[in-house]
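Some notes on the structure that comes next.
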Amino acid sequence: MHQPTIFDKIIDGQLPCHKIYEDEHVLAFLDINPLSEGHTLLIPKERKAQLHQLSDEAGAALGRVLPRLARAVMRATGATAYNILQNNGAEAHQAVHHVHFHIIPRRGAEGLGISWKPRPLTDPEGLVQRIRAELDQGRPMP
Ligand code: DGP
């Protein structure tokens, strides 16, 4: 069950936003607390908290717009690098529980800070088999 969030109010026009793009399925607007100039959020109008809960149609609509939006943000800000960030779950730093993609231009130290701590790959074949079996079954997740 999707608990209404601040983004529902933005979709419904009950709260203002600095709107960049809107179509039948998605909305893009400036992040209220930008990590860098041009920090943009792209959200589906489908009201789901996390990416894996989205319909294929909503996922496709996001994918259709994301590259175009990234180009526009890059050109408008003059940034030459950027990160796409998409958090799912409070432990993964998700604060607003409505699916959203961050487009975060990187300029020098300005942008997304990343702590990347790789570890050795263990039992990749077993893991691939488990994931493929789940893909074949296509079981939904709450
Ligand atoms: P996340 O941690 O991935 O859930 O990021 C949520 C982002 O949403 C955060 O960067 C700030 C932004 N945000 C929160 N409330 C509002 C709002 O009311 N308006 C706008 N434009 N952005 C918001």
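Every number here is computed from the coordinates shown, using simple stated rules; none is lab data. Fair warning: this is a prediction, and the values are worked out from it, not measured in the lab. Cβ sites come from the backbone with ideal geometry, for glycine too, and all protein chains shown count toward neighbours.
Restricting the calculation to Cα positions, tell me the Rg (one decimal) and the Dmax (whole number) of the chain in Å.
For the chain, the Cα-based Rg and Dmax read 16.9, 50 Å.
Helix 56-77 against the longest principal axis of the chain: what's the angle in degrees, Cα atoms only, rounded to the nearest 10?
Taking Cα atoms only, the helix is inclined about 50 degrees.
With a Förster radius of 22 Å, plug the Cβ-Cβ distance of Lys9 and Ala90 into 1/(1 + (r/R0)^6) and report the FRET value to the nearest 0.05.
0.60
Compute the helix-to-body angle for 124-137: its Cα long axis versus the longest principal axis of the chain, expressed 0 to 90° and rounded to tens.
Compared with the principal axis, the helix lies near 70 degrees.
Let's test the formula: R0 of 35 Å, r as the Cβ-Cβ distance of Thr77 and Val128. What FRET efficiency results, to the nearest 0.05?
0.35
Setting aside same-chain residues fewer than 8 positions from Lys19, which aspartates and glutamates have a Cα under 17 Å from its Cα?
Partners within reach: Asp8, Asp31, Glu37.
Hey, what did the chain get for relative contact order, percent, Cα under 8 Å, at least 6 apart?
Reported as a whole number, the value is 24 percent.
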